[in-house]
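The values are calculated or read from the model by the stated rules, or taken from the named source; none is laboratory data. Everything quoted here is computed from the prediction, not taken from an experiment. When we count neighbours, we look across all protein chains shown, and the Cβ atoms used for this are built from the backbone with ideal geometry, even at glycine. Remember, those area values only see protein heavy atoms, side chains included, never the ligands or the DNA or RNA. Shrake-Rupley method; radii C 1.70, N 1.55, O 1.52, S 1.80 Å.
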Amino acid sequence: MSAASAPAAEAVQGSEPLLGLRGVKAFYGSIIALKGVDIDVYDGEIVALIGANGAGKSTLMMTIFGNPRAREGRIVFAGRDITDLPTHEIAHLRIAQAPEGRRIFARMSVLENLQMGATTAEPTHFAEDLERMFALFPRLQERLHQRGGTLSGGEQQMLAIARALMARPRLLLLDEPSLGLAPVLVKQIFDAIRQLNRREKLTVFLVEQNAFHALKLANRGYVMVNGLITLTGTGRELLARPEVRSAYLEGGRA
Amino acid sequence: MRGSRIIRVKPVLDLRAALKNAVVAAATAFGLFALLIGIRTDQGPSGGLELTPRFGTLGILVAIAFVGGLLRGILFGERRIHIAPRLPAAATAVLDRVGRMFAPALLAFALAVPILFYHDRYILDLSIQILTYVMLGWGLNIVVGLAGLLDLGYVAFYAVGAYSYALIATNFGLSFWMCLPISGILACFWGVLLGFPVLRLRGDYLAIVTLAFGEIIRLVLINWQSVTGGPNGVPGIPRPSFFGIPFNAEEGGFAATFGLEYSATYRIVFLFYVILALALLTNWVTIRLRRLPIGRAWEALREDEIACRSLGINTTNVKLTAFAMGAMFGGFAGSFFATRQGFISPESFTFSESALVLAIVVLGGMGSQLGVVIAATVMLGGFELFREFAQYRMLVFGLAMVAIMVWRPRGLIATRSPSVFLERRKGIEPGLVREERG
Ligand SMILES: Nc1ncnc2c1ncn2[C@@H]1O[C@H](COP(=O)(O)OP(=O)(O)OP(=O)(O)O)[C@@H](O)[C@H]1O
Ligand SMILES: [Mg+2]
């Protein structure tokens, strides 16, 4: 299965993946949402997951965090089996997530949201990490004492990403970071992701509807259809595939 | 891109709609009041029920509703998009600013109450009662206002605290100050005990279970006769002493020790300061906790539980600590209640107490400490003011609640001030993250 996938040039071939999913199945009640998913994310990579609405991408992100729990299969992070760990303990292993719908704490200020993000981090890092976030998203600094719920959609997205980064994660999971954003902001967010990946060696696993941008940014990509991975390859390979072009880039911006 | 449509919402004067509105209001009023007010029931000379129609009063009420509905239709017209007519922004701003200076002034006033009203026993008793509810409100505020867990059975912890003190004091002769922490701990323990089964519940379901819990405690108190005295309650609960010196007219009493003339008021004044201190302790602890990670976690839990968990917060612990803290302060207030009354029975711990405390928290503006004070004062003070108009008391009370919820749907003090601010300009160092006072 994983032999079929083409690891990125940067990835250390043959080594253990940072995050590995094997035959992961997840259910909502009795409805199956993931039908046995295999995914590898190597240290230092950016990996994109694309797929149609309802394919199960967000479910996959949440299943990595144990909610819904994988009923079959294994999830391994940094050599440790996390399949059955409670969500909050998984977060302590330095995986962070900017989830679907952003889930900002609406009545709390931007600063308080960032403090919540730093729950699992060393308190001594806080001031320094805050400065890093301001450098990355200057807008957040301007809005520091504004209530999270009154931020614009784009600002909320920045806050969600910054909040996740406050945990100093090794692996960052992003669910549709470009959702609802103006093209300029999309570019800004994607630039920020690239920058974090290059400078801080942050490993990123992102879900995107914006397949063109995502696959251009990513080292590797996966295509999910109805709870199953149907295609995988480097970003460039996938962009060249006719089935990807027709399904996800129709009338695309390429 | 398709051209977007603009929907104009202008406040047009639509008389027909206004009229319809008025008729509906009048009909509703008629339906409500026809039996409530339109017919008066008295006991006749033969013991039977005598019905006296009061069509005049009924007519006036229906007319008021009609005119009100009409005015509302005319004034607010078609602007139905507004969810609720709010106070104008200026008024809100003033209210918020006054709020800031209000708290210290209120505290100073509270400290001076026993001096100002020394000879007015009625006012002193009322203030003690208000302070008790302020304390209960602050305690419940931790659970409902901060952690967002709707608890309808708060009175259970009040009862646990009261009975703990009453039973320990009457059976083992321990003093109030010894019993106070014990009652707090016991209530805390019950808080955790309640917390466990309801950890997975939220919102309505949680409310129902906590409601049941409150009733269970009350029924246990009624039926466990050998320990609690059943419906007869616990009499002869010791009064608090001034560091061992009792408040009585005897040789070693408070008045004699300090060379004063005996007066029953000393004890009342002492009780006043005890409950004031207890309430302030509750407030202080809450404000401190709000700035610590645990308090922040409570508020985050109220906002979004799933996000909390993915940020590494153990929501189980966070909920349990909220229940435990809230219960502990309820327990403190309960033992104060017991020592003040000298007698307790299950009748003091009915659901209506829970409802009253919850109403104080909600009307005050969930999570606002000052709001609780205002709401408690307004509600209990209002009860007293309208004592003479006994039959309209609940009506006025209900109307007042509706009015507040219409004008300030998020409570009297709805603004939440962040628990932390940043002092900047020179770049941030760890020491510069300043925390704001409640
Ligand atoms: N809480 C839930 N209960 C029941 N079914 C759910 C739940 N959440 C998601 N589903 C179902 O699981 C399937 C996968 O949903 P998921 O949110 O993972 O899709 P997605 O790939 O993220 O889609 P999108 O691109 O629209 O965000 C969908 O059919 C959805 O209806
Ligand atoms: Mg999704």
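Under the condition of being aromatic (Phe, Trp, Tyr) and at the interface with another protein chain (Cβ under 8 Å from one of its Cβ atoms), the residues counted in region A:108-135 number 1. Each residue in region A:63-113 was checked for being open to solvent by less than 10 Å² (accessible area, probe 1.4 Å), more than 16 Å from ligand 2 (Cβ to nearest atom) and more than 18 Å from A:Ala33 (Cβ to Cβ), and 13 of them qualify. If the condition is being over 18 Å from B:Glu353 (Cα atoms) and of a type in the set (D, E, K, R), then region B:181-240 contributes B:Arg200, B:Arg202, B:Asp204, B:Arg239. If you go through region B:392-421 and keep only what is touching a residue at least 60 places away in the same chain (Cβ under 8 Å), within 10 Å of chain A (Cβ to nearest Cβ) and assigned to a loop (DSSP other than H, G, I, E, B), you end up with B:Thr415, B:Ser419.
Going through B:Gly230, B:Gly252, B:Gly236, B:Gly259 one at a time, which residue ends up being at positive phi and at pLDDT below 85?
Sole residue among the options that is at positive phi and at pLDDT below 85: B:Gly259.
Going by the structure shown, is A:Leu144 surrounded by fewer than 21 Cβ atoms within 10 Å (Cβ to Cβ), part of a loop (DSSP other than H, G, I, E, B), of a type outside the set (Gly, Ala, Ser) and facing chain B (nearest Cβ under 8 Å)? Taking the combined requirement at face value, the residue satisfies it. Condition check for A:Val244 on (1) away from ligand 1 (no atom under 16 Å from the Cβ); (2) at pLDDT below 90; (3) open to solvent by less than 10 Å² (accessible area, probe 1.4 Å): one failure, at (1). Is there a residue in region B:282-290 that is within 14 Å of another protein chain (Cβ to nearest Cβ) and either at pLDDT below 95 or over 26 Å from the mean Cα position of the chain (by Cα) (or both)? Scanning region B:282-290 turns up at least one residue that is within 14 Å of another protein chain (Cβ to nearest Cβ) and either at pLDDT below 95 or over 26 Å from the mean Cα position of the chain (by Cα) (or both).
Yes/no matrix, rows are residues, columns are (1) within 30 Å of A:Ile95 (Cβ to Cβ); (2) in contact with a Leu (Cβ under 7 Å, 6 or more places away or on another chain); (3) part of a helix (DSSP H, G or I):
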| residue | (1), (2), (3) |
| --- | --- |
| B:Gly252 | no, no, no |
| B:Tyr266 | no, no, yes |
| B:Ala277 | no, no, yes |
| B:Thr286 | no, no, yes |
| B:Arg302 | yes, yes, yes |
| B:Arg309 | yes, no, yes |
| B:Ile313 | yes, no, no |
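Kindly indicate whether A:Val24 is away from ligand 2 (no atom under 14 Å from the Cβ), at pLDDT 95 or above and under 18 Å from A:Leu93 (Cα atoms). No; evaluated as a whole, the condition is false for this residue.
Residues of region A:189-212 that are within 16 Å of ligand 1 (Cβ to nearest atom) and surrounded by 19 or more Cβ atoms within 10 Å (Cβ to Cβ): A:Phe205, A:Leu206, A:Val207, A:Glu208, A:Asn210, A:Ala211. Looking at B:Phe389, B:Phe349, B:Phe323, B:Phe343, just one residue is open to solvent by 50 Å² or more (accessible area, probe 1.4 Å) and more than 30 Å from B:Arg40 (Cβ to Cβ), and that residue is B:Phe343.
When each of B:Arg239, B:Arg200, B:Arg218 is tested for being surrounded by 13 or more Cβ atoms within 10 Å (Cβ to Cβ) and assigned to a loop (DSSP other than H, G, I, E, B), the lone residue that passes is B:Arg239. Restricting region A:32-63 to residues that are aliphatic (A, V, I, L, M), touching a helix residue (DSSP H, G or I) at 6+ places or on another chain (Cβ under 8 Å) and away from ligand 1 (no atom under 12 Å from the Cβ), the residue that is farthest from A:Ile229 (Cα to Cα) is A:Ile46. Across region A:195-206, not a single residue is classified as more than 13 Å from the chain's Cα centre (by Cα), of a type outside the set (Lys, Arg) and farther than 25 Å from A:Met116 by Cβ.
Looking only at region A:213-229, residues that are more than 17 Å from A:Ile64 (Cβ to Cβ), within 12 Å of ligand 1 (Cβ to nearest atom) and of a type outside the set (A, V, I, L, M, F, W, C) come to 1 in all. Could you check region B:301-314 and list, in sequence order, the residues that are at negative phi and either facing chain A (nearest Cβ under 7 Å) or among the basic types (Lys, Arg) (or both)? B:Arg302, B:Glu303, B:Asp304, B:Ile306, B:Ala307, B:Arg309, B:Ser310, B:Leu311, B:Ile313, B:Asn314, listed by residue number. Reported count of residues in region A:38-59, each being closer than 23 Å to A:Arg236 by Cβ, within 14 Å of ligand 2 (Cβ to nearest atom) and open to solvent by less than 20 Å² (accessible area, probe 1.4 Å), is 6. Is it the case that B:Ala322 is away from chain A (no Cβ under 11 Å), under 23 Å from A:Ala91 (Cβ atoms) and small (Gly, Ala, Ser)? Yes; evaluated as a whole, the condition is true for this residue. Region A:33-107 holds strands (runs of 3 or more DSSP E) entirely within its bounds, and those carrying 3 or more residues that are within 14 Å of another protein chain (Cβ to nearest Cβ) map to A:95-98.
Across region A:165-195, the qualifying residues are those that are within 16 Å of ligand 2 (Cβ to nearest atom) and outside any strand (DSSP E or B), and the one among them that is farthest from the other protein chains (Cβ to nearest Cβ) is A:Ser178. Looking at the structure I just gave you, is B:Ala112 open to solvent by 40 Å² or more (accessible area, probe 1.4 Å), hydrophobic (A, V, I, L, M, F, W, C) and at pLDDT 85 or above? When the stated conditions are applied, B:Ala112 does not pass them.
A:Glu237: within 16 Å of ligand 1 (Cβ to nearest atom) and of a type in the set (D, E, K, R), yes or no?
Numbers: within 16 Å of ligand 1 (Cβ to nearest atom): no; of a type in the set (D, E, K, R): yes.
The answer is no for A:Glu237.
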